[in-house]
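Asks: The structure under discussion is supplied below as structure tokens; questions concerning it will follow.
The values are calculated or read from the model by the stated rules, or taken from the named source; none is laboratory data. None of the values given here were measured: they were computed from a predicted structure. Neighbour counts are summed over all protein chains in view; Cβ atoms, including those assigned to glycine, are modelled from backbone coordinates with ideal geometry.
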Amino acid sequence: MMDDETGSESMKVAELNSSQLRALKTKIDGRLADLEARERQEKLARVVALVEELELPRLDVAEHLRGKKAGKRVAPKYRNPADAEQTWSGRGRKPRWFLDQIAAGKTPEDLAI
């Protein structure tokens, strides 16, 4: 293991038992997480500095990073005849009420708005 004060190697990894290896792994994982967090913060600080240098509005940058589709709602295409509050856009996973209506003999056209 590494001597904390001098940084010199006091034991070879091949000579460590399982509990010593786990302890070393825990130390390494913690140190690695600290380094990665610091590097991430440094990168974000560089991005913020560049945004400010270019005088870009932060909101514009954030919206661009999220993508143009973020936050846009899609109009519903189908409505549950048993509960008009339940609608579905036709995208993503089919809702339970839609599947139940299809199983009961309705067609998607019957449920279209």
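Asks: From the list Ala103, Ala75, Ala84, Ala33, pick out the single residue that is modelled with pLDDT of 95 or more and exposed (fewer than 10 other Cβ atoms within 10 Å of the Cβ). Steps first, please.
Replies: On the way: Ala75 fails: modelled with pLDDT of 95 or more; Ala84 fails: modelled with pLDDT of 95 or more; Ala33 fails: exposed (fewer than 10 other Cβ atoms within 10 Å of the Cβ).
Checking each option against the conditions leaves just Ala103.
Asks: Among the residues of the range 6-14, is any at pLDDT 95 or above and of a type in the set (S, T, N, Q)? Step through it out loud before you land on a result.
Replies: So in the range 6-14, the residues at pLDDT 95 or above come out as none.
No: zero hits.
Asks: Right, here's the next one. Take the conditions assigned to a helix (DSSP H, G or I), modelled with pLDDT of 90 or more and not acidic (Asp, Glu) and apply them to Ala62. Does it pass?
Replies: On the way: assigned to a helix (DSSP H, G or I): yes; modelled with pLDDT of 90 or more: no; not acidic (Asp, Glu): yes.
Considered against the rule, which asks whether it is assigned to a helix (DSSP H, G or I), modelled with pLDDT of 90 or more and not acidic (Asp, Glu), Ala62 comes out as no.
Asks: Which one of Arg79, Arg46, Arg22, Arg73 is in a strand (DSSP E or B) and basic (Lys, Arg)? Before the answer, list the steps.
Replies: Values: Arg46 fails: in a strand (DSSP E or B); Arg22 fails: in a strand (DSSP E or B); Arg73 fails: in a strand (DSSP E or B).
Just one listed residue meets the conditions, Arg79.
Asks: For the condition outside any helix (DSSP H, G or I), touching a Phe, Trp or Tyr at 6+ places or on another chain (Cβ under 8 Å), without any contact (Cβ under 8 Å) to a residue 24 or more places away in the chain and of a type outside the set (Phe, Trp, Tyr), what is the one hit in Gly90, Gly105?
Replies: Gly90
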